[in-house]
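Structure record follows, encoded as structure tokens.
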């Protein structure tokens with residue numbers, strides 16, 4: 001488009017000094033330009049102001065063409081003359097600060113957000129839902145483009161570019177905070193509140209009151225597939241809030257699994273606890289388990305097998321379905337809790353018969369030099385309270401810090 005090589009102008013015309021206002025802009029941006037180009041030495045900042053203004057203007061014009069897809073296409077087809085014949089003469093750079101936005105990542109047109117924000121919703125599901133799969137309906141409140149004004153906000157032709165921010169929606173302030181050091185401060189435009197344009201109140205759309213969008217309720221169906229996990233995300237592309245000139249964001253549904261009273265999930269496996277009597281632990285048992293899809297499994301221990309308290313057993317292929325491969329399942333893991341009889345459950349005269357059936361007891365020879373003690377039940381809460389009380393009494397009896405004996 002336009003470029004500068006050394007002091008020779010390759011394209012464009014004009015002596016650069018277009019009046020006091022433009023000179024003021026250039027004077028403001030002179031230290032910033034030096035910062036961008038690598039921090040020029042003072043002696044390098046001494047060329048004539050007119051030459052600097054000319055170069056800066058040419059760079060701005062080149063950026064204006066390259067940053068606008070339509071103007072760039074016109075230039076590619078017909079060169080700079082085609083740009084001028086398009087009705088605008090030489091390209092009009094809306095603000096000299098836009099060139100700095102390109103370097104600093106500011107609020108210029110190239111840096112404008114082109115896509116709306118995503119919306120995240122939590123969807124409560126049960127373990128049965130994740131096991132069997134389910135379809136749930138989710139009610140959303142979302143912004144949609146106003147049909148009456150077609151997202152303009154008012155009558156056609158009533159929308160004008162914000163004069164304060166030049167349509168960028170952001171105000172950018174550059175201030176020098178030290179020799180060769182500048183700081184950029186970017187704020188939302190107070191005039192248009194970040195929209196980049198404004199509508200005269202008398203011309204505003206009656207349907208949306210100039211907001212360009214209206215609030216609408218929408219129901220979407222969420223298909224929870226077999227084997228999905230707690231925290232898994234389901235994406236609905238383009239179902240987020242609509243805004244003029246922006247691609248709608250997505251609706252992201254996050255699965256939130258409720259706790260289950262029987263099963264606990266761990267990856268592809270299911271874990272459950274099963275209580276059995278001492279007689280069942282020693283002599284065998286048959287138990288049933290109701291699965292998450294309402295089937296009944298019969299669990300049988302082998303004859304002669306002894307199950308201890310806390311033992312784990314498993315049933316293959318009865319865990320959670322594997323996501324995207326629902327015919328395959330994980331493992332069902334069962335932890336056994338052995339319930340012992342209550343006190344005096346058997347008459348004393350019957351104990352010898354029971355003892356004869358069990359493994360023999362270990363016999364201990366007691367001598368006179370041994371101390372015989374009484375075995376009692378232990379209450380952890382009572383023990384903790386007693387230790388706390390003893391520690392308090394020790395602190396109360398001990399010397400206090402900072403108190404010294406006085407001598408006459």
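Read the figures in this text as sums done on the coordinates, not as results from a lab. This is a predicted model, so every value here is computed, not measured. All Cβ positions, glycine included, derive from the backbone under ideal geometry; neighbour counts span all protein chains shown.
A few notes on this one:
- Spacing of the two label points (7 Å from each Cα toward its C-beta) at residue 378 and residue 230, in nm: 3.2
- A straight chain from residue 346 to residue 245 at 0.36 nm per residue would run longer than the Cα-Cα distance by 28.0 nm.
- In plain terms, the chain from residue 122 to residue 193 could stretch by 22.5 nm, reckoned as 0.36 nm per residue minus the Cα-Cα distance.
- When 135, 367, 272 are sorted by how many other C-beta atoms sit within 10 angstrom of their C-beta, beginning with the fewest, the order is 367, 135, 272.
- With contacts taken as Cα pairs under 8 Å and at least 6 residues apart, the range 119-257 reaches a relative contact order of 40 percent.
- Residue 355-residue 218 FRET efficiency (beta carbon distance; Förster radius 56 Å; 0.05 resolution): 0.15
- Cβ crowding within 10 Å ranks 349, 241, 371 as 371, 349, 241, fewest other Cβ atoms first.
- Computed FRET value (nearest 0.05) for residue 315 with residue 136, which takes r as the C-beta separation and R₀ as 35 Å: 0.75
- As a proxy for reagent exposure, 274, 170, 320 were ordered by neighbouring Cβ count within 10 angstrom, fewest first; the result is 274, 170, 320.
- Nearest-0.05 FRET efficiency for residue 183 and residue 274, computed from C-beta distance (R0 60 Å): 0.35
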